[in-house]
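Structure first, commentary second.
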Amino acid sequence: MKKQYLLLLISAVLLISFNACKDETTGYKTLIITGQNNHNWKASSPVLKQILDETGMFSSEILITPDKGGDMKTFNPDFSKYKLVVIDYNGDSWSDKTNASFMEYVSNGGGVVIYHAADNSFPKWKEYNEMTGLGGWGDRNQKDGPYVYYKNNVMVIDTTSGIGGTHGKRREYIVTARIVDHPITKGLPVRWLHGNDELYSLLRGPAKNMQILATAFADSAAGGGTMRDEPVLMTINYGKGRIFHTAMGHADEGGGPAMQCVGFITTLQRGAEWAVTGNVTQAVPYDFPSAAGVVLRTDFKQMTLEEAIANMGTYDIAKSTKNLTYLQNQIRKLAGDEQGLLNLEKMMNKALVSRESTVEAKKLLLRELSWMGSEYSVPAIKNLLSNADLKDEAEFALVRLLAK
Ligand code: ZN
């Protein structure tokens, strides 16, 4: 009896301490602050919410400040109720009371995400600039701190006089990790191609307790580039608080390619988790881009295996290699897992015999099945021998499968 009570007590304590940091059903309580911005905050804030909530790890709400010129004294959220505060705001100063309560929240260990133009915000608020590490515009110059960037793979802290903040023409650009063993970047490709976006450049600020996780090269050929590797992902420690700063993600209506980019989405999700816990438990998604091509999620959702294989059936090689890449990654991941591979093989067989599938898709499926498939696929492949378009590939696959 006593033992049971003890066990009950232990599990109750464990439950309470677990719930103190994360509610299992709703995730980390997250506050997205917006309402004033020189950007389309009505487009970006719901997308930020969707990206975070999609992980099942966060439960976000959007808080809209008074309009520009409005009475900011009425804006006084209780930050202590949240594990994460996301700043999608670039506008009027908050009240001294709100500033103080935000500083207290971060000092005590609250997590923060600084998103894109939020690093333009509050040029005169010293502590806020310590939280962002680097900022731009708002008459920032040498008085606000050095430029920080990479040149020839070396970090440069540059105290030269000059403006803070610029960007060249919007374009796709390669993001290069500078710290590869940080929880946020660990397991991600060192170089990946980001969706069409602004590349913030000439950022300057106190840069205290800041780590640059990734940079992107601001090529002058791409219009207004500084020819420096400009920081795009940063972490900052402030008191006990952790801040993840992404300079990327310029929003168009519906988010647009900068926010739909799987690289942006993933680093935001991982950065947000790190800001809350100091760790990242999320797996690197299958569709994370390489340096070879941009990968967008137009609905911000990660595709399921079934969806990818169904999509593969209507595969158009000229349009995208995403589904094939996904399939190949899945096969690689399942190496040694016989049951998992058989399940995958069954799905591939379905797509192989489906009338919806294109000849192009069936050829690719046959190629994959020829080396990862089993006896299970033999009947379906034999049926394709009578198909003039697929005869050669079917024969090839059969020879390889039967030789196993
Ligand atoms: Zn922008």
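Every read-out reported here was derived from the displayed coordinates using simple, explicitly stated rules and does not represent laboratory data. The model shown is predicted, which means the values in this text are computed figures rather than measured ones. As a convention, Cβ positions derive from the backbone with ideal geometry for all residues, glycine included, and neighbour counts pool all protein chains shown.
Restricted to Cα atoms, the range 250-328 shows a radius of gyration and a Dmax of 13.8, 42 angstrom. Taking amide H as placed 1.01 Å from N in the peptide plane, the amide H of Gly225 sits under 5 Å from that of Ser220, each at least 5 places away or on another chain.
Shape summary of the range 26-148, radius of gyration then Dmax from alpha carbon positions: 14.1, 44 Å.
Are any of the pairs Lys81/Lys240; Lys68/Lys124; Lys49/Lys81; Lys240/Lys301; Lys208/Lys240; Lys143/Lys208 more than 23 Å apart by Cα-Cα distance, and if so, which? The pairs that break the limit, which is 23 Å between Cα atoms, are Lys240/Lys301. The packing ranking of peptides 123-135, 159-171, highest mean first, is 123-135, 159-171, where packing means the average number of other beta carbon atoms within 10 angstrom of each residue. Helix 359-372 and the longest principal axis of the Cα set of the chain meet at an angle near 80°. Tell me the relative contact order for the range 305-402 as a rounded percent, counting alpha carbon contacts under 8 Å between residues six or more apart. Relative contact order for the range 305-402 comes out at 27 percent.
By the compact-protein rule of thumb, 2.2 N^0.38 Å, the alpha-carbon radius of gyration of the range 2-277 corresponds to a ratio of 1.03. Would you mind telling me the antiparallel percentage of the DSSP bridges in the chain, rounded to 5? Antiparallel bridges make up about 65 percent of those DSSP assigns within the chain.
Under the classification rounded if a/c is under 1.5, otherwise prolate if a/b is larger than b/c and oblate if not, where does the range 305-402 fall, given a ≥ b ≥ c as square roots of the Cα gyration tensor eigenvalues? Cα axes put the range 305-402 in the oblate bin. Highest average first, the peptides 144-154, 269-279 ordered by how many other beta carbon atoms sit within 10 Å of their residues are 269-279, 144-154. The angle between the Cα long axis of helix 96-107 and the longest principal axis of the Cα atoms of the chain comes to about 50 degrees, rounded to the nearest 10. Relative to the longest principal axis of the Cα atoms of the chain, the long axis of helix 262-277 lies at roughly 60 degrees. Within straight-line reach of Lys404, meaning a Cα separation under 19 Å, sit the following lysines at least 8 residues removed in sequence or on another chain: Lys346, Lys382.
Report note on the peptides 391-404, 227-240: ranked by the mean count of other C-beta atoms within 10 Å, highest first, their order is 227-240, 391-404. Across the range 2-277, C-alpha contacts under 8 Å between residues 6 or more apart give a mean separation that, scaled by the residue count, equals a relative contact order of 19 percent.
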